[in-house]
Amino acid sequence: MSKMTPQEMAQKIGSGLLSFPVTPFRADYSFDEATYRANMDWLCGYDVAGLFAAGGTGEFFSLTPTEVPQIVKIAVEETKGRVPVLAGTGYGTAIAREIAVGAEKAGADGLLLLPPYLTHSEQEGLAAHVEAVCAAVKIGVIVYNRDNAILQPDTLARLAERCPNLVGYKDGIGDIELMTRVYTKLGDRLTYIGGLPTAETFALPYLDMGVTTYSSAVFNFVPEFATNFYAGVRKRDHETIHAGLKNFILPLIAIRNRKKGYAVSIIKAGMKVIGRDSGPVRPPLTDLTEQETAELTALVKNLPAIRSTQQAAE
């Protein structure tokens, strides 16, 4: 059981960069525990405010409800209290509650509630879904506004009144008007997280709207770049931000956008590029081609030059 209160967890994750570690698989798609432990220990050596086990980049959608708490338990054991560990949960309400309870027992400090599987529903139904998960646990819950689960400001405000452990809001749609209305309505009641794929592209404008943190998928394989970029965002260092976007983030996005599902696949490929091969993605996702992996390798190799250029300018 977590020793953090929901409010302490929210304050902690709002203070720095967040990341969603990949879930390593062997060639037969079984979970690779040894590699996962090594990856988690390595990532804890960098300045990160929270790690989300079995999240989106961790292929939550391909994990079974039994696997999620098992993976969370290993994450908690390996991080040894160095950073908060949050767990993904989702699907229908009954399954989401079951996973949430299992993750809490495994020692998770909080939950990220992903959109319900496939179903589109009204605000009343979405609110009932969120409230049911919050009521099932004592740890803090973050809702992920994305796809078929877009909570409006009034709905969020009612949930915040009824659910003391609803402490976070992660935006995955990039609707600046909605984000502004949410922040205006709820203010400091929630911690706000930028959660668009490759969130670095939105990091600076979102900072001005009260979104102090974001989830960096690339932190998995280029943690120094990711933390330097985040520091640049917090300092509003436009030169550093522009260089990082131009020389790494935008070229990476160009590869990512070639095929559906590559937002996760390209991170798994990045792990291979740096010598921390975490295996394939599970179907229905597909891995990058050899040519695309070679392009990603070239981008990563160019990063030291980007850093030295930035440092020379300081």
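Pick from segment 172-197 the residues that are under 26 Å from Ser265 (Cβ atoms) and touching a Leu at 6+ places or on another chain (Cβ under 7 Å): which of them is surrounded by the fewest Cβ atoms within 10 Å (Cβ to Cβ)?
The extreme case among them is Gly174.
A quick yes/no check of all residues on (1) in contact (Cβ under 8 Å) with a residue 40 or more places away in the chain; (2) crowded, with 24+ Cβ neighbours inside 10 Å; (3) touching a Phe, Trp or Tyr at 6+ places or on another chain (Cβ under 9 Å); (4) over 21 Å from Leu114 (Cα atoms):
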{"site": "Gln11", "(1), (2), (3), (4)": "yes, no, no, no"}
{"site": "Tyr29", "(1), (2), (3), (4)": "yes, no, no, yes"}
{"site": "Asn39", "(1), (2), (3), (4)": "yes, no, no, yes"}
{"site": "Phe52", "(1), (2), (3), (4)": "yes, yes, yes, no"}
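Go through the residues of segment 24-34 one by one and say whether even a single one is assigned to a helix (DSSP H, G or I), in contact with a strand residue (DSSP E or B) (Cβ under 9 Å, 6 or more places away or on another chain) and either at negative phi or not aliphatic (A, V, I, L, M) (or both).
no
Could you say whether any residue in segment 58-77 is assigned to a strand (DSSP E or B), farther than 24 Å from Pro164 by Cα and open to solvent by 10 Å² or more (accessible area, probe 1.4 Å)?
No, there is no match, as no residue in segment 58-77 is assigned to a strand (DSSP E or B), farther than 24 Å from Pro164 by Cα and open to solvent by 10 Å² or more (accessible area, probe 1.4 Å).
Is there any pair with a first residue in segment 224-249 that is of a type in the set (Ser, Thr, Tyr) and a second that is surrounded by fewer than 20 Cβ atoms within 10 Å (Cβ to Cβ) and modelled with pLDDT of 95 or more whose Cβ atoms are under 7 Å apart and which are 6 or more apart or on different chains, and what are they?
Here the result reads Thr227/Tyr46; Thr227/Asp47, each pair linking segment 224-249 to a residue that is surrounded by fewer than 20 Cβ atoms within 10 Å (Cβ to Cβ) and modelled with pLDDT of 95 or more.
State which residue is farthest from Phe248 (Cα to Cα) when the search covers only segment 179-202 and only residues that are aliphatic (A, V, I, L, M) and at pLDDT below 95.
Met179
Which one of Gly244, Gly232, Gly270 is in a helix (DSSP H, G or I), small (Gly, Ala, Ser) and closer than 28 Å to Val182 by Cα?
None of the others qualify; the one that does is Gly232.
Based on this model, can you work out whether Asn228 counts as within 18 Å of Gly56 (Cβ to Cβ) and open to solvent by 40 Å² or more (accessible area, probe 1.4 Å)?
no
The values are calculated or read from the model by the stated rules, or taken from the named source; none is laboratory data. Keep in mind that what you see is a predicted model, and the values were worked out from it rather than measured. Positions of Cβ are generated from backbone atoms using ideal geometry, with glycine treated the same way; all protein chains shown enter the neighbour counts. What goes into the accessible areas is simple: the full protein's heavy atoms, side chains included, and nothing from ligands, DNA or RNA. Shrake-Rupley method; radii C 1.70, N 1.55, O 1.52, S 1.80 Å.
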